[in-house]
Amino acid sequence: MAKFQLVLVIHAHQPVGNFDDVLESAYQKSYLPFLEVLARHPSIRLGLHYTGSLLEWLERAHPEYFGHLRALVKSGQVEIVGGGFYEPILVTIPHDDCHEQITRLADYVEKHFAARPRGAWLAERVWEPQLPSCLAPAGVDFTLVDDNHFLGAGFDLEKLYGHYIVEDQGHTVKLLPGLKALRYLIPFRDPAETTEFLRRAAGNHPGAYAAMGDDLEKFGVWPGTYKHCYEDGWLEKFFLELEKNDEWLETATPANAVAAHTPLGRADLPTASYTEMMEWSLPTAARKRYHALTEEFATRPEALPFLRGGIWRNFFTKYSESNLLHKKMLHVSAKVRRLASSRRDEKAFRAAREQATTLLLRGQCNDAYWHGVFGGLYSPHLRTALWNSLVRAEAIADGLLHRSKQFADSATLDFDSDGLEELYFTCDRYAALLSPHDGATISAIDCRRTNAAVVNSLMRREESYHAKLKGLSAKSTQGVQSIHEQTRVKEEGLERWLNYDRWARNGFRLLLFSGAKNYQDCAAVKLNEDAALAGGKYRVAEYSETGATLVSEESTDWPATKKFTFVSTPVGFDIGCDVTLRRTAPGTASVVLGIEVIVNFLAPSAPDRYFESSGQRYPLRWAASAPASELRVVDEWQGLAATIAAPGAREFWISPIETVSESEEGFERIYQGSQIIAVWPVELAQGAEWKGSIAFKISRPD
């Protein structure tokens, strides 16, 4: 009788833009020792998936690793599994890009390891029913999702020992169910518990196989797992335990297991991801209700598969910054694909088009589009890496499409797909997105000379896990646990930073508030500014290629007009905002008017990023009331400086934007940029008006 098989698909990934020291640590703690232990057990066979972003780093930093991996592939011990090169969520990128991502990784693997992948790893196991139409034409024979996907479709857990056929529009792919029970056993429980689980499965399903797909980083990178897996020898013991039971159990690569077993049948699965991801994607209030509901039904395991969270796309609704980044990617993709249909064939054009395509694909890396324990939306350096790639790709595409070194253009379009039109200004120096319906603010400013996204901040929101912070102190969890079972804090007193914004962190927001407020009220979100002016709708009165005039529609007592101008300069560009404010209500009012600018230069403790005011330098986390009428923020690393000029302003109020988020290392405070508000005291009688302006100038550092 055929032996029962264990199919392991182990996934290794590092996001585009992650720090070299983080990758090096992962290499030393996980990627290298895992292969070293595996090589000592030639009877153990499994699938390994490496994303293209990680393979590029390994090829550059540790080419010897390819030699080790190549030997394991040649011996048949390891099967390299493919996927999207830069680990995109395939269902959220255009079909042509999906095909390109899969094909690029398959070509790369075949070139370096002499074996073309037959299977594909799905980023975050995000499944939607139309995926076979994307996967099969790209040469994918099989992929893996979680048992959660099947259970939500009504499958019984005991029917998930093998694989199924999934189909869309006549395209078929084989689908392996990865068992959650194995994910929580490996590597957190004694190895004998895993073989005992498999022994029971083998008794019930002779000749079948059980599959598990999970992260390579859980073998060494997750907190406590390096000591557990290597110093204490868990991984060695696990492989020895599997070998000890070889009379009835064997490991198999996924392609061999699929080839040796007939499909269990057809499956039509709902949109899903792993259970934790589906919870993370829910809006905060709904997530709290969902969590309470799962606890209520914890004693009814037969009901839990039908208590489902949200879908991965919920992140675009939950976080406007994720949606904006995603729609920027789609916008750039459309421009790059226009180049693909061009009849131009000169060598320089083809090289530039290829560069733009690669940058676009890099900008599709999934991590910075979502937030959970592993998601990178709250990590500015990961958002920045994607923004920079997309800014550069779009600049190349615009240059090729315009065929001139200097150009200026503007368009009205629903850029972020919310049913409302934005104004999009582009030229060879900049791109800027103006949102009339959100207080006539600018949500994105691209510096095309340095490929920098200048705004790139994050709104401070309530997250469901913030409630855990009360009463916690900095500590380390004892023992080794799954990340989903841990509670860690990296800094005491994090609850002090739980302030929640009223508005998205856009630039040029108009703030009207009481004269009793001061700069300390900014970070605490206690200005209580006039909502109609700050976040209300503005009507576009006129616009051109280099500017626009907008009039507030919701403020009755304080109607306002904003006039924006965009000007290229020899070293950058200037954005001007002239404001006219009138008072229509009876009597005289004394208020404070502020115009807010948002700048995120990422590294608040780096000496090459700083504020300049009155001849003095200050770190980016500076919180102060500074003299007007000019302030400078410098980023020597990216090679740009932002000068804010506000003629006649009384002062600048500067506050760092600090979020508190949950990550693999625990709860942490992260700098998301600075809000800089130029403030003017204003006293207006009925019928009087006030005029003021602010200029935002991007140039090179001195």
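Values for this structure:
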{"quantity": "Contour excess over end-to-end distance, with Cα ends at Glu354 and Arg40 and 0.36 nm allotted per residue", "calculated": "108.8 nm"}
{"quantity": "In sequence order, calculated HN-Hα J values of the range 399-410 (Karplus, 6.51, -1.76, 1.60; Hz; x Gly/Pro)", "calculated": "x, 6, 6, 7, 6, 8, 6, 10, 7, 8, 8, 8"}
{"quantity": "For the range 549-606: rounded, prolate or oblate by the Cα gyration tensor [a/c cutoff 1.5]", "calculated": "oblate"}
{"quantity": "For the range 265-309: rounded, prolate or oblate by the Cα gyration tensor [a/c cutoff 1.5]", "calculated": "oblate"}
{"quantity": "Gyration tensor (alpha-carbon) shape descriptor, the range 180-293, a/c threshold 1.5", "calculated": "oblate"}
{"quantity": "Inter-site label distance for Val571 and His95 at 7 Å from Cα along Cβ, in nm", "calculated": "5.0 nm"}
{"quantity": "Protection-proxy order for peptides 86-95, 284-293, 395-404, each taking the mean of Cβ atoms within 10 Å per residue, highest first", "calculated": "86-95, 395-404, 284-293"}
{"quantity": "R0 of 56 Å, Cβ-Cβ distance Lys468-Glu59: FRET efficiency to nearest 0.05", "calculated": "0.85"}
{"quantity": "Order of exposure, largest accessible area first, which applies to Glu553, Glu276 with probe 1.4 Å", "calculated": "Glu553, Glu276"}
{"quantity": "Long-range amide H partners of Val489 with built H, under 5 Å", "calculated": "Lys475, Phe667"}
{"quantity": "Simple label model, 7 Å out from Cα along Cβ direction - Arg189 to Glu24, nm", "calculated": "3.9 nm"}
{"quantity": "For the range 582-628: relative contact order, % (alpha-carbon pairs under 8 angstrom, 6 or more apart)", "calculated": "24 percent"}
{"quantity": "The range 323-397, relative contact order [Cα under 8 Å, separation at least 6], %", "calculated": "38 percent"}
{"quantity": "Sites Ala411 and Asn204, calculated FRET efficiency, Cβ-Cβ separation with R0 51 Å, nearest 0.05", "calculated": "0.25"}
{"quantity": "Probe 1.4 Å, all protein chains present, accessible-area order of Met1, Met212, Met459, largest first", "calculated": "Met1, Met459, Met212"}
{"quantity": "Chain lengthening between Gln686 and Arg403 when straightened (0.36 nm per residue, less Cα-Cα)", "calculated": "96.6 nm"}
{"quantity": "Distance in nm between pseudo-label sites at Arg650 and Glu491 (7 Å out along the Cβ direction from Cα)", "calculated": "3.0 nm"}
{"quantity": "Distance from the range 628-701 to the range 70-96 (C-alpha centre basis), Å", "calculated": "44 Å"}
{"quantity": "Angle between the chain longest axis and helix 95-113 axis [Cα atoms, degrees, rounded to 10]", "calculated": "50 degrees"}
{"quantity": "Label point at Met1 placed 7 Å out along Cα→Cβ; residues across the range 198-223 whose backbone nitrogen lies under 11 Å", "calculated": "202-208"}
{"quantity": "Accessible surface, 1.4 Å probe, highest first, among residues Arg700, Arg505", "calculated": "Arg700, Arg505"}
{"quantity": "1.4 Å probe accessible area per residue over the range 221-329, in Å²", "calculated": "45 Å²"}
{"quantity": "Placed amide H near Asp146: partners under 5 Å, 5+ positions off or other chain", "calculated": "Gly178"}
{"quantity": "Cβ-placed point charges (K, R +1; D, E -1), dipole of the chain about Cα centre in debye, nearest 20", "calculated": "840 debye"}
{"quantity": "Percent RCO, i.e. relative contact order, over the chain, from Cα pairs under 8 Å lying at least 6 residues apart", "calculated": "10 percent"}
{"quantity": "Ranked packing of 60-69, 166-175, 309-318, 7-16, most packed first, by mean Cβ within 10 Å", "calculated": "7-16, 309-318, 166-175, 60-69"}
{"quantity": "Theoretical FRET efficiency, 1/(1+(r/R0)^6), r = Cβ-Cβ of Ala153 and His291, R0 35 Å, to 0.05", "calculated": "0.90"}
{"quantity": "Accessible carbon and sulfur surface of the chain relative to its total accessible area, %, 1.4 Å", "calculated": "49 percent"}
{"quantity": "In order through the range 520-532: 3J(HN,Hα) via Karplus (6.51 cos²θ - 1.76 cosθ + 1.60), integer Hz, x for Gly, Pro", "calculated": "5, 6, 5, 4, 7, 6, 10, 6, 6, 5, 4, 5, 5"}
{"quantity": "Extended-chain gain in nm, criterion 0.36 nm per residue less alpha-carbon gap, Arg502 and Asp107", "calculated": "137.4 nm"}
{"quantity": "Using θ = phi - 60° and Karplus 6.51 cos²θ - 1.76 cosθ + 1.60, couplings along the range 41-55 (whole Hz; Gly, Pro as x)", "calculated": "10, x, 7, 7, 10, 7, x, 10, 10, 10, 6, x, 4, 6, 4"}
{"quantity": "Amide H within-cut-off set for Phe407, under 5 Å, with H built and near neighbours excluded", "calculated": "Asp428"}
{"quantity": "For Asp414, net neighbour charge (Lys/Arg +1, Asp/Glu -1) across residues whose Cβ lies under 10 Å away", "calculated": "-3"}
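The values are calculated or read from the model by the stated rules, or taken from the named source; none is laboratory data. These numbers come from a predicted model, not from an experiment. Every residue, glycine as well, gets a Cβ built from its backbone with ideal geometry; the counts of neighbours run over all protein chains shown. Keep in mind that these areas ignore ligands, DNA and RNA; they rest on the heavy atoms of the full protein, side chains included. Shrake-Rupley method; radii C 1.70, N 1.55, O 1.52, S 1.80 Å.
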